[in-house]
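A short write-up of the structure that comes next.
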Amino acid sequence: MDSRLMAMQEYIRGAFADSGAHGFDHTLRVTKLCVILGTEEGAEMQILIPAALFHDIARPIEDKTGIPHEEKGAELAEAYLRSIHYPDVYIPGILHAIRAHRYRSSDVTPETLEAKVLSDADKLDAMGAVGIARTFMQAGEERGGISDAVHHINEKLLKLKDRMHTEAARKIAVQRHAFLKEFLEILQVDIQADSEECSEKAAYW
């Protein structure tokens with residue numbers, strides 16, 4: 001990573017005072033996935049990597065104000081990139097990728113390869129073992145329980161496999177999707193067993 005990207009990474013790290021389901025570690029994983037997917041798909045890394053680093057920078061702002069983080073994030077990215085005289089030719093592509101990355105994005109559809117790769121990488125980090133960990137972390141942040149996390153997995157995460165834009169992401173999504181399904185099956189068995197054991201003890205007493 002060149003010095004410009006290292007400085008960019010440190011700037012973005014400073015926006016995340018707290019860890020969480022969308023903390024700085026999530027940003028780093030998405031950026032790593034973007035490198036993997038982008039290399040395979042032939043994306044322009046001068047667009048993709050800054051977009052990945054900035055894609056969630058405004059999450060803490062959204063949590064406090066309700067302003068969509070993809071819109072505010074694009075504003076923050078543009079201000080920063082222009083302040084360091086980042087090549088103008090790449091900035092529109094970076095801003096589009098940030099605005100289009102969100103699963104529940106408003107009216108912005110990923111139109112460029114870089115936007116599609118970032119959207120895919122963000123969804124992949126919501127799948128597999130990491131996705132499960134993040135889901136339970138988020139449920140805890142929202143004072144929810146196991147049933148809330150399971151609902152989220154069923155209503156969102158299991159649908160992600162069929163929403164990938166790139167072939168490189170689809171290959172990874174198949175594996176992570178299978179892990180999600182296996183986890184839910186095991187969890188359901190364990191929950192049922194615990195429930196039956198509690199019922200038996202209650203009947204005994």
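Within this structure, residue 103 fails the test of being under 28 Å from residue 42 (Cα atoms), modelled with pLDDT of 95 or more, among the hydroxyl-bearing types (Ser, Thr, Tyr) and in contact with a helix residue (DSSP H, G or I) (Cβ under 9 Å, 6 or more places away or on another chain).
Among the residues of segment 53-68, what is the count of those that are in a helix (DSSP H, G or I), in contact with a helix residue (DSSP H, G or I) (Cβ under 6 Å, 6 or more places away or on another chain) and either aromatic (Phe, Trp, Tyr) or in contact (Cβ under 8 Å) with a residue 24 or more places away in the chain (or both)? Before the answer, list the steps.
Pass one, segment 53-68, residues in a helix (DSSP H, G or I): 53-54, 59-65.
Filter once more, so that each one left must be in contact with a helix residue (DSSP H, G or I) (Cβ under 6 Å, 6 or more places away or on another chain): 53-54, 59, 61-62.
Applying the additional criterion that residues be either aromatic (Phe, Trp, Tyr) or in contact (Cβ under 8 Å) with a residue 24 or more places away in the chain (or both) yields 53-54, 59.
Counting residues in segment 53-68 that are in a helix (DSSP H, G or I), in contact with a helix residue (DSSP H, G or I) (Cβ under 6 Å, 6 or more places away or on another chain) and either aromatic (Phe, Trp, Tyr) or in contact (Cβ under 8 Å) with a residue 24 or more places away in the chain (or both) gives 3.
Between 5, 113, which is modelled with pLDDT of 95 or more, out of contact with any His (no Cβ under 6 Å at 6 or more places or on another chain), within 25 Å of residue 165 (Cβ to Cβ) and among the hydrophobic types (A, V, I, L, M, F, W, C)? Full working, then the answer.
Working: 5 fails: modelled with pLDDT of 95 or more.
Going through 5, 113 in turn, the sole match is 113.
Within segment 46-74, the residues that satisfy the criterion of being at pLDDT 95 or above, among the aliphatic types (A, V, I, L, M) and out of contact with any Gly (no Cβ under 6 Å at 6 or more places or on another chain) are 49, 51, 52, 53, 74.
When restricted to residues that are part of a helix (DSSP H, G or I) and buried (at least 24 other Cβ atoms within 10 Å of the Cβ), segment 32-52 contains 8.
Can you pull out every residue in segment 82-100 that is over 23 Å from the mean Cα position of the chain (by Cα) and either closer than 22 Å to residue 42 by Cβ or of a type in the set (Gly, Ala, Ser) (or both)? Full working, then the answer.
Going through segment 82-100, the residues over 23 Å from the mean Cα position of the chain (by Cα) turn out to be 82-89.
Listed by number, the residues that qualify are 83, 86, 87, 89.
Sub-6 Å Cβ pairs linking a first residue in segment 161-187 that is closer than 27 Å to residue 147 by Cβ to a second residue that is at pLDDT 95 or above and among the basic types (Lys, Arg), at least 6 apart or interchain, are 173/161; 177/161, ordered by first then second residue. Taking the conditions (1) modelled with pLDDT under 95; (2) touching a helix residue (DSSP H, G or I) at 6+ places or on another chain (Cβ under 9 Å); (3) within 23 Å of residue 25 (Cβ to Cβ) in turn, residue 108 satisfies each one other than (3). Do you know which residues across segment 94-144 are more than 17 Å from residue 72 (Cα to Cα), among the β-branched types (Val, Ile, Thr) and in a helix (DSSP H, G or I)? If the condition is that a residue be more than 17 Å from residue 72 (Cα to Cα), among the β-branched types (Val, Ile, Thr) and in a helix (DSSP H, G or I), then 117, 130, 132, 135 are the ones that fit. Of all residues in segment 141-173, those satisfying the criterion of being surrounded by 13 or more Cβ atoms within 10 Å (Cβ to Cβ) and either under 18 Å from residue 40 (Cα atoms) or touching a Ser or Thr at 6+ places or on another chain (Cβ under 8 Å) (or both) are 149, 152, 153, 157, 164, 165, 166, 168, 169, 170, 172, 173. Taking every residue in segment 108-123 that is hydroxyl-bearing (Ser, Thr, Tyr) and pairing it with any residue that is part of a loop (DSSP other than H, G, I, E, B), at least 6 positions away or on another chain, the pairs with Cβ-Cβ distances below 7 Å are 119/101; 119/110; 119/165. Among residues that are in contact (Cβ under 8 Å) with a residue 60 or more places away in the chain, surrounded by fewer than 23 Cβ atoms within 10 Å (Cβ to Cβ) and closer than 15 Å to residue 184 by Cα, residue 130 is included.
The values are calculated or read from the model by the stated rules, or taken from the named source; none is laboratory data. Quick caveat: nothing in here was measured; it's all calculated off a predicted structure. In this analysis, Cβ positions are derived from the backbone assuming ideal geometry, glycine residues included, and neighbour counts consider all displayed protein chains.
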